[in-house]
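Q: The structure under discussion is supplied below as C-alpha cells; questions concerning it will follow.
Throughout, read-outs are computed from the coordinates displayed, never taken from laboratory work. Since this is a predicted model, take the numbers as computed values, not measurements. Every residue, glycine among them, receives a Cβ derived from its backbone with ideal geometry; neighbour counts consider all protein chains shown.
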Amino acid sequence: MRGFLKHNSLSLVFLCLFIAAIFFQAIAGHAVFNEEQDRHGDPHISFGSYITSSAFGVAVMENWQSEYLQFTLFVLLTVWFVQRGSPESKELGKEGRGSDKEQLVGEDARADSPRWARASGVRRRIYENSLLLVMGSIWIGTWFAQSITGVTEYNSEQLDPQEETVSWLHYVGSADFWEKTLQNWQSEFLAVGSMAILAVYLRQRGSPESKPVGAAHHSTGVEG
Amino acid sequence: MSSRATLATALAIACLAGVGCGADEERDAAAVTERFYEALDRNDGRAACRELSATTADAVEHQEKAPCHDAILRLDLPRGGVAAKSRVYLRSASVDLAGGGIAFLEEGPAGWRISAAGCTPSAPGRPYDCELEG
C-alpha cells in the first residue's frame, strides 16, 4: 500500500485536488444559481438538483473539453513542431514520428515493451496513436456534452422571459456556444504556449517540466 | 470503451442535459396548461388561479385591481385548449396549444405553474406578447 501511494503520488494528489475543486465549484455554482433565481423571483433549488442540472453540466463540460483539446493538440503538434530551448519540445532536427528503432516497436521492441508495441499491423498502429486517440475522443465527447447541456441551459433562459427556444443545431452555431468554447480555448492555448517559451529561460529545480537549473537556454528537450 | 458503456454514458449525458428523460415533466406541464384553459372555459376563476405561479397571480391582481379569481376572467385569454407540444428545459417550460398560442410555465415546490399565458409571437428575436404574465 505504501509503495502504491508513493509510486502513484502525482496522479493521486491531482485526483484529490480535482475532487476538492469540483466539489467547491458545485457549492459556489449552486449559490450563484439560487441568487439568479432570486433575481427572477423563482424558488431556490436543492444542491442535489443543481449538480444533476444542465447548468452545472455545462459549467463542467466547457472546461473539460478545452483541457482535453489542449492535451490533444499538444500531443499532436509536438510531433512536428519544435521550440528551441524548451524542455516541452523535441530536439531540433528530430521532428516527425521517429524511426521504429527510436520508438522501440516491432523487431526493435524490448522484452518489457507493451505487447501491442511488439505487434504488427493495425494493433501497433492503434497503440502508436493511442494517446492521441483517447485524448481526442474525450475532447470530442466532452465538447458534445457541452453542446447538449448548453442548449438546455440556453433554452431555459430563453423561456424566462418568454422568448423562442432553439434547436441543438441552431445552438452549436450560436454566439453563446462559441463564446463558451473560445473563452476556454484561448486560455488553454495561452497556457501551453507560455509554458513552452517560459521554460526556455526559467527553471524549477527538481521538476521534469523544467530543464536542469544549469542547463543552457538553447538546450532543447532536456528534463530537470 | 465497450458499446454498452458508451450507450450508458451517452444516455447519462442526455439525462444530465434534460433531454429525452423529461417525458413525465412535459406531460405534467401540458396537463397544468390544459387544466388552466379548461377552468377558463367553464368560467372557474378559482381553479384557473390555482394553476398560476404566485408571482403571476399577484401580477393579475395588481393589474386588474381585483382578486385573482375575478381578474383572471376579465383577461382576453383563450377558453379551452389542447396542448400540442411541450418543451421543458431545467425549470422552465413552454406549451404550444393546438389552436395557436403558447403558455409558459415554471417549476416550483408545488410543481409546474403558469407564468405567462395568452402569448403570441411579436417581432423576430423579441419576447412573446402575453396577455397574462408575472
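Q: Name the residue, out of B:Gly81, B:Gly100, that is among the small types (Gly, Ala, Ser) and without any contact (Cβ under 8 Å) to a residue 24 or more places away in the chain.
A: The unique qualifying residue is B:Gly100.
Q: Could you tell me whether A:Phe33 is of a type in the set (A, V, I, L, M, F, W, C), under 21 Å from A:Asn155 (Cα atoms), surrounded by 15 or more Cβ atoms within 10 Å (Cβ to Cβ) and touching a Phe, Trp or Tyr at 6+ places or on another chain (Cβ under 9 Å)?
A: yes
Q: From the list B:Arg126, B:Arg35, B:Arg113, exactly one residue is more than 26 Å from A:Thr52 (Cβ to Cβ) and either more than 11 Å from every other protein chain (Cβ to nearest Cβ) or touching a residue at least 60 places away in the same chain (Cβ under 8 Å) (or both). Which is it?
A: The match here is B:Arg35.
Q: Has the stretch A:118-135 got at least one residue that is of a type outside the set (Gly, Ala, Ser), out of contact with any strand residue (DSSP E or B) (no Cβ under 6 Å at 6 or more places or on another chain) and closer than 30 Å to B:Ala117 by Cβ?
A: So far as the stretch A:118-135 goes, no, none of its residues is of a type outside the set (Gly, Ala, Ser), out of contact with any strand residue (DSSP E or B) (no Cβ under 6 Å at 6 or more places or on another chain) and closer than 30 Å to B:Ala117 by Cβ.
Q: A:Arg39 versus (1) surrounded by 15 or more Cβ atoms within 10 Å (Cβ to Cβ); (2) free of Cβ contacts under 8 Å to residues at least 60 places away in the same chain; (3) of a type in the set (D, E, K, R): which is the lone unmet condition?
A: Going through the list (1) surrounded by 15 or more Cβ atoms within 10 Å (Cβ to Cβ); (2) free of Cβ contacts under 8 Å to residues at least 60 places away in the same chain; (3) of a type in the set (D, E, K, R), A:Arg39 breaks only (1).
Q: Out of the stretch B:68-94, which residues are surrounded by 22 or more Cβ atoms within 10 Å (Cβ to Cβ) and within 19 Å of B:Ala57 (Cα to Cα)?
A: The answer is B:Ile72, B:Arg91, B:Ser92, B:Ala93, B:Ser94.
Q: Kindly establish whether A:Thr152 is under 30 Å from B:Ala117 (Cα atoms), among the hydroxyl-bearing types (Ser, Thr, Tyr) and assigned to a helix (DSSP H, G or I).
A: Yes, satisfied.
Q: Another question about this same structure. Considering every residue within the stretch A:108-118, establish whether at least one is surrounded by 17 or more Cβ atoms within 10 Å (Cβ to Cβ) and not in a helix (DSSP H, G or I).
A: Within the stretch A:108-118 (the criterion being surrounded by 17 or more Cβ atoms within 10 Å (Cβ to Cβ) and not in a helix (DSSP H, G or I)), the answer is yes, since at least one residue qualifies.
Q: Out of the residues in the stretch B:97-110 that are in a strand (DSSP E or B) and crowded, with 19+ Cβ neighbours inside 10 Å, which is farthest from the other protein chains (Cβ to nearest Cβ)?
A: B:Leu97
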